[in-house]
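Notes follow the structure.
Please treat every number below as a calculation from the coordinates, not as lab data. Note that the structure is predicted; figures quoted are calculated from it, not measured. Cβ placement follows ideal geometry from the backbone for every residue including glycine, while neighbour counts extend to all protein chains displayed.
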Amino acid sequence: MSYEGPAANLLEEAGVDVGDRVKVSKGSREYVGILMPRSGSDKRALVIKLDGGYNVGIDLDDDCSIEKLSDLPEGEDSGFSETGGLDREKGDGPKVAVLLAGGTIASRVDYRTGAVKASIDEDELVSFVPEIAKIADIEGREVLRTLSEKIVPEDWQKIAVEVEKEIENGKDGIVIAHGTDTMGYTAAALSFMLEDLPVPVVLVGSQRSSDRGSSDARQNLVCAVRAATSDIAEVVVCMHGESSDTFCYLHPGTRARKMHTSRRDAFRTVNERPFAKVDWENLEIQRIREDYRKKDRDRKIELKNGFEEDVELVKVYPGIDADVFSEHLERSEGVVIEGTGLGHMPLEEDIKTALEEYTDGGNIAFMASQCIHGRVNMNVYETGVDLQDVGVIGNYSDMLPETAYVKLGWILGNYDKDEARELMLEDMRGEISRRTEHEDLKSEISNLKTSSFQEFEGEKEWSRRK
């Protein structure tokens, strides 16, 4: 974003351009770093990336001056350019669309308030990460401007339509910049809505905004663009694989879950393994699995983006009120019950009657587990058997609750209810596995050992026993 007004005048007088190394003097303070593109609408402010990696906004006044310093040492990159290579002549490389759907990766710090907000546009995003223009011919545009907690099913439908357009226009891969909080939901929705994908569709986000010194946005976006040029024609989530900057995982869209509030390696593939990882040093794709759909530009995509919004995801908890639970049933065409353990919930007579009437009326009640790993088994305890007797389905499934919610809404939006029950029990997009990958649990324990939570005595006891 170009500077305007007083800031632009100051830069012009000093012969300074975005990307130059500068020294800004204001009173007794001096700021040395790289001049960044303008943030927000303030025409009296400059943004400088300090040598420590963090950005600072400087409010201009009559006491301010700016000086262009010597060029960067040979081989050192400022980390961005005005165009990110978008103005160069297009080559014969793969064509990748970068669609912005909001979130931290498409956000910046508002230096007036100090808050992070969804305000970056596609040109700014690419300007921060010029490497992506070296990997592919990039075309970027915005499809949504919202933080991910505000995403609704209608947004999934819109994104699916835009992805189809890009594929029909000849793109070799699609990258979707999205907020991390609900990225698992969107990845699952696109996995179902985009049938017979011919090219990769890669969702990417960041835990920290692109103008933070510790941001994961650059690596994640570069690896996502690289993944979009691969032969993995699936919907995947591309995020840091560990807390350091070494590689990114490509998680299956129906298996990806955010497992930590703030760590850069927050995402995990649950009850399965990632498809691959992207090495940050050389950007090589290292396959972990081979059972993915291979890229085929001749394959015709089919858009099925219907969605029944009258679907509920209800979490079971001790003391859940029968009237509250019944209200969820009354206002829904289908319900996913996030039950305890192997798939249980309190089955008082009122709840039992409500469930039986609900399923007898042709509605679907599907059981998922609150546990991260493992699968539902309603044959072990009496409550589970009773739940099956009143029409609750989902036995032996290991679908994530959020994936089950998305799948149920999608099925009811595209198929008759007569088909819906059978389709909920069918593995359509890798959401139900034939056998559970127990190695995932071991990797979670291993991950704790490298995290900042070393105070857990239980972890030490586990290590001794191992």
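Below are the figures for this structure:
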quantity	calculated
Peptides 287-293, 161-167 ordered by average Cβ neighbours within 10 Å, highest first	161-167, 287-293
Ordering of 425-434, 387-396, 25-34, 198-207 by packing [mean C-beta count within 10 Å, highest first]	198-207, 387-396, 425-434, 25-34
Alpha-carbon centroids, the range 146-225 and the range 360-376: separation in whole Å	27
Ile301-Asp416 FRET efficiency (beta carbon distance; Förster radius 22 Å; 0.05 resolution)	0.40
Burial order of peptide ranges 373-385, 398-410, 324-336 (average beta-carbon count within 10 Å, highest first)	398-410, 324-336, 373-385
Simple spin-label estimate for Lys165 and Val380 in nanometres, 7 Å along Cα-Cβ	4.9
